[in-house]
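**Student:** Take a look at the following structure, please.
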Amino acid sequence: MIRRTTVRFIVFIAVVSTIGCDRLTKHIASEALAGGEVRTYLADTIRLEYAENTGGFLSLGANLPEIWRTRLFTTATGIVLLLMAIVAVRARRDVWLLSGVSLVLAGGASNWIDRLVRGSVIDFMNLGVGPIRTGVFNVADVAIMAGAGMLVVARLRAHWFDPSSSPVR
């Protein structure tokens, strides 16, 4: 079991560094890319382009009426982030679970700040080869995906090392 002070330190560092990095890169993107041309690197593998996303993941829900977008992406997200903060503080047994929750919390909080302040999220990165491309994303989205991966690893580790969790008996 991880000590409570260590838990708080891990959560604090993950949240502050992720939010800080995301806020800084979004500021740079808005200054350098807004209204400009798409910049490409490594034979168009990396594209930097300014986009404002009023929806959720891959712009899902962007066409909803504003009142529903606000309820879903601001109010509901705020509640989920609060619950995740509680989980992060209580997740003392597994460093994978703690780290995953902290990264998802940090990335979600940074995007949530954008929604509160701007009404949309700034995205600016796109990766791919030829016609196979990701959606446009930001550093907070990378943290959310990395955290989600860590949560999967935490669950698999719990299953592998706890024979009583096996569904086959």
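Bear in mind that the values in this text are calculations on the coordinates, not laboratory data. Please read all numbers here as calculations on a predicted model, not as lab measurements. Glycine also receives a Cβ, built like all others from the backbone with ideal geometry; neighbour counts cover every protein chain displayed.
**Student:** Please state the shape class of the stretch 73-126: rounded when a/c is under 1.5, otherwise prolate if a/b exceeds b/c and oblate if not, all from the C-alpha gyration tensor.
**Tutor:** oblate
**Student:** Taking only Cα atoms, what is the 0 to 90° angle, nearest 10, from helix 4-32's long axis to the longest principal axis of the chain?
**Tutor:** Its long axis makes an angle of about 10 degrees.
**Student:** Ranked from highest to lowest mean number of other Cβ atoms within 10 Å per residue, what is the order of the peptides 112-119, 74-81?
**Tutor:** Values: 112-119: 15.0, 74-81: 13.4.
The peptides rank, most packed first, as 112-119, 74-81.
**Student:** Another one. Describe numerically, in nm with one decimal, the distance between label points set 7 Å from Cα along Cα→Cβ at Ser30 and at Ile46.
**Tutor:** Placing both labels 7 Å beyond Cα along the Cβ direction yields 2.3 nm.
**Student:** In degrees between 0 and 90, to the nearest 10, how far off the longest principal axis of the chain does helix 139-161 point, with axes built from Cα atoms?
**Tutor:** The answer is roughly 20 degrees.
**Student:** If you average the alpha carbon positions of the stretch 85-149 and of the stretch 1-70, how far apart do those two centres end up, in angstrom?
**Tutor:** What the calculation gives is 7 Å, centre to centre.
**Student:** Follow-up question, since we're still on this one. Taking 0.36 nm per intervening residue step and subtracting the Cα-Cα distance, what contour gain separates Leu82 from Arg157 on full extension?
**Tutor:** 24.4 nm
**Student:** With a cut-off of at most 12 other beta carbons within 10 Å, and DSSP calling the residue loop, which trypsin sites (Lys or Arg not before Pro) in the stretch 1-78 qualify? Please list them.
**Tutor:** Taking the stretch 1-78 and a limit of 12 other Cβ atoms within 10 Å, the loop trypsin sites (Lys or Arg not before Pro) found are Arg3.
**Student:** Please arrange Leu48, Leu58 by how many other C-beta atoms lie within 10 Å of their C-beta, fewest to most.
**Tutor:** Leu58, Leu48
**Student:** Order of Phe9, Phe161 from fewest to most other C-beta atoms within 10 Å?
**Tutor:** Fewest-to-most ranking of Phe9, Phe161: Phe161, Phe9.
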